[in-house]
Amino acid sequence: MRIFRTYKLALIAIIGLLLSGCAQIAVTGSADVDKAAFGARKKFAVVSIASIKNFKGDQGLGQMFTKNKNIPGMNTQPVINKLDQKIIHTLSSSKYITLLPEHKVLSSRAYRHTAEDDRTMKVLFMTETMDVANHYKYFSDKEKYARLARELHVDGVIGITMTFIISSGKGYVSVMGLSLGKKSYSAEASITAIAYNKKGEVIWKDSTLKEAEPGDTKAIVLIDTTDITDTDFVKFHPSAVDIGGKAVDVLLARFDDTMAGKKTSMFQSVK
């Protein structure tokens, strides 16, 4: 059974990313945390870290007619592989979460013997293929999450899903059909967390997204041809890793604020 709540969160993040090229604020909803489920004495395990397989967003005209697997750097696997330790380290830094060490989770009999779910995620009418971080598995079935919580002897388990996008913005003047200026590109990242207790109840869910400073520009001289030329996805991998790490920090800050009794806004700054 697939968990619609996970898809809803991911959808919010994806829509926010697509809209963020036009606005600096995204609507993601407030952090939803069952405060009684967390605390210094409570133990948790991260059991799934994944990302939508391909970068979303800006592509050159030729790339639109090319299979994603044939576009260099389009696959997000190298990016999510570099973020799993950042995710673990950041979550471990919260005084409200005590994480079971990663090696104990991944090497446990319970984890090794739990079959992962199909590496796909449905968002509206689309089916997205997922990449999974080093040595992890992809889970979307709440019953598997609950069983893992019980068999790992923890109070809850956490699943993390990320999305990466390359967005572009134009800054130019146009006179009688002729353009002069530049087109800038930036990497964006969304992160969604969902946690379940031993009963399969959701005890934490939240999403956030961040946009890096423009990392590339293409000059427009007289005629804008930048929509024809290819997007250099490989060039944006370091920026995607960096902004992905910042998104993790924001996600945890929202969690900690909620645990401390502070309200988190349903509106988030993308920058």
Restricting attention to segment 109-134, report how many residues are at pLDDT 95 or above and more than 17 Å from the chain's Cα centre (by Cα).
10
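Listed here are the residues, each with its yes/no results for (1) touching a Phe, Trp or Tyr at 6+ places or on another chain (Cβ under 7 Å); (2) modelled with pLDDT under 95.
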site	(1), (2)
GLY57	no, yes
PHE65	no, yes
LYS69	no, yes
GLY73	yes, yes
ASN81	no, no
SER93	no, no
Take the conditions more than 27 Å from LYS235 (Cα to Cα) and of a type in the set (Val, Ile, Thr) and apply them to VAL132. Does it pass?
no
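The values are calculated or read from the model by the stated rules, or taken from the named source; none is laboratory data. Computed from a prediction, not measured in an experiment: that's the story for all the values here. Reconstructed Cβ throughout: ideal geometry from the backbone, glycine too, with neighbour counts over all protein chains shown.
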